[in-house]
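To start, the structure itself, in structure tokens.
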Amino acid sequence: MDSKIIINDLNLHYGAFQALKNIGMDIKKNEITALIGPSGCGKSTFLKTLNRMNDLEENVKIEGSILLDGIDIYHEMDSILLRQKIGMVFQQPNPFPKSIYDNVAYGPRILGIKKKRELDKIVETSLKQAVIWEEVKDRLHKSALSLSGGQQQRICIARTLAVNPDVILMDEPTSALDPISTSKIEDLAVELKKNYTIVIVTHNMQQATRISDKTVFFLLGETIESGETHEIFSRPKDKRTEDYITGRFG
């Protein structure tokens, strides 16, 4: 199976503090890669390097290379194009204070799509892909903020899908949600990997085992171990990985 993203010797400094150390990994197409590890170990920082969200912060220095389909995202790709190709879903649902329709149509409009019929189709398709169409189709022009947290998160996923990305980054997308909403987002992620490559940061070990193909264990800015999820959880090679997944620390 082809690699979608290849990371080589990635180092990231915030001023004098080194947050990521010599990260190297391949992220495969049409798989879910879970990033696990204790708080503050670099998972979310690493996730943000994949669509250059760290560019927006001061005093950040990044070395190494990240290739998306063989193209260096830091030196050969415009950041706006990159964020169209690599979408992001955050920990807290963050719909815009607009209607459900306008949330999902936002990205396509920025890309220059203006025809109502075309936008209608994109909005419907994206909401169906995010498995929320049936719940909202009769109130598309109501505020997205009127929805429950789980519904808001699926609207944010639909908004990400509307610009037709290749990769979806999810930063603890269910940590603010109840168990039923969490289950819906997990089922959705498994369905979406047929067409997208997904990288998810999670603190929930059960979630990683339920939905991911590959798991990477981060500790203090380094990747300690990575491999097939069932292998990592049933036969970890590193004692630190075993201690973390069995709950001895973290």
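Some observations on this one:
- Residue check for G40: of a type outside the set (F, W, Y), more than 17 Å from the chain's Cα centre (by Cα) and under 26 Å from I245 (Cβ atoms): yes
- Filtered residue count, the stretch 22-46, keeping only those that are closer than 19 Å to F90 by Cβ and either surrounded by fewer than 21 Cβ atoms within 10 Å (Cβ to Cβ) or not aliphatic (A, V, I, L, M) (or both): 10
- Hey, T49 modelled with pLDDT of 95 or more, of a type outside the set (A, V, I, L, M, F, W, C) and in contact with a Lys or Arg (Cβ under 9 Å, 6 or more places away or on another chain) or not: no
- Restricting V216, V163, V190 to those that are under 16 Å from the mean Cα position of the chain (by Cα), surrounded by fewer than 17 Cβ atoms within 10 Å (Cβ to Cβ) and either closer than 29 Å to E118 by Cβ or touching a residue at least 12 places away in the same chain (Cβ under 8 Å) (or both) reduces the list to V190.
- As for the stretch 142-158, it holds at least one residue that is in contact (Cβ under 8 Å) with a residue 40 or more places away in the chain, surrounded by fewer than 16 Cβ atoms within 10 Å (Cβ to Cβ) and either acidic (D, E) or assigned to a loop (DSSP other than H, G, I, E, B) (or both).
- If you filter the stretch 1-17 down to residues that are among the polar types (S, T, N, Q) and surrounded by 15 or more Cβ atoms within 10 Å (Cβ to Cβ), you find that the one that is modelled with the lowest pLDDT is S3.
The values are calculated or read from the model by the stated rules, or taken from the named source; none is laboratory data. Just so we're clear, the structure is a prediction, and the values are computed from it rather than from any experiment. In this analysis, Cβ positions are derived from the backbone assuming ideal geometry, glycine residues included, and neighbour counts consider all displayed protein chains.
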